[in-house]
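Input: a single structure, listed below in structure tokens.
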Amino acid sequence: MRDKATEEYYRYRAPEYEQIYYRDNPARRKEIEDEATYIRKLVTKKEVLDIACGTGYWTHIAAETAKNIIACDLAREMITEARKKNYRKSPFFVIADLEQLPFADNAFDIILLGFWFSHQPKQSYHTLFSTIKRLLRDNGHIWLIDNNPPAEGSNQHSAYKDNHGNNYKRRFLDNGKEFIILKNYFSRQELIQIFQHHFSVERITYNTYYWSVTLAK
Ligand SMILES: C[S@@+](CC[C@H](N)C(=O)[O-])C[C@H]1O[C@@H](n2cnc3c(N)ncnc32)[C@H](O)[C@@H]1O
């Protein structure tokens, strides 16, 4: 179940996307750095899949310690940006829709899903979760990170909600081009409720700017 506007938005945004990580806000930066420290440890000597990898921000961090890493994204434009980085361990990049991932069952120890869950339509969580379960080994883990509303700065206005309760909001590129994309936000309790039906919730952080969870199969 793909949201065309979200797809198109990220294709256009690829060259400017990674600015989000370098905004001049020490508290925000610290939350990201803390997760990076956690990820380096989590993926050490592991076989890793980074789904919807974008410009490879987390791929690059995981590649510091992982045994090997595959990174995939629907947008060729994002993969082009991701390929520009210097990695300790070169990832294998794949252009792929996360609903049709061309990987074998039980192939990965760790799956990373950075800043995607907020764009996943609520009515198709089960599709995403069954894909993840298929790809993960029995003792594998998935790590997700996403935004809390303060990460959006002044642009917190909701454009509308659909029948499934998905939130849509306006996003603008640096050149002013406007998109309305699906973007959901969650309380800590909502996150636990969503994930605990399908996984064991191993770790949850719920900070000012970001939340993250690590789930076991
Ligand atoms: C918010 S970005 C996250 C990028 C990266 N994971 C990160 O944390 O910085 C969302 C990414 O999802 C990708 N994407 C959108 N629809 C997708 C789909 N159906 N399958 C795979 N990737 C998709 C976009 O191209 C974009 O790179």
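Quick note: the coordinates plus some simple rules give every number you see, no bench work behind them. In this text, all values refer to a predicted model and were calculated from it rather than measured experimentally. So basically every Cβ, Gly included, is an ideal-geometry build from the backbone, and we count neighbours across all protein chains shown.
Details
- Using θ = phi - 60° and Karplus 6.51 cos²θ - 1.76 cosθ + 1.60, couplings along region 94-103 (whole Hz; Gly, Pro as x): 9, 8, 7, 6, 5, 8, 9, 7, x, 10
- P(r) histogram, all alpha-carbon pairs of the chain included - 5 Å bins from 0, percent: 1, 7, 15, 20, 22, 19, 11, 4, 1, 0
- Residue-span extension gain [TYR12 to SER124] - 0.36 nm each, minus C-alpha spacing: 37.8 nm
- Per-pair calculated FRET efficiency, R0 = 35 Å: ALA107 and GLN19 via Cβ, rounded to 0.05: 0.60
- Database remark: amide H of ASN106 closer than 5 angstrom to the amide H of LEU135, LEU136 (H placed geometrically; neighbours at sequence offset of 5 or more, or on other chains; Pro and chain starts carry no H).
- Built amide H within the under 5 Å cut-off of GLY54, gap 5+: none
- Paramagnetic label reach from TYR160 (point 7 Å along Cα→Cβ; backbone nitrogen cut-off under 20 Å): within region 174-200, residues 178-185.
- Extended-chain gain in nm, criterion 0.36 nm per residue less alpha-carbon gap, ASP34 and ARG76: 12.2 nm
- Spacing of the two label points (7 Å from each Cα toward its C-beta) at THR208 and ASN139, in nm: 3.9
- Applying 1/(1 + (r/R0)^6) with r as the Cβ-Cβ distance of ASN167 and LYS45 and R0 = 35 angstrom yields a FRET efficiency of 0.35.
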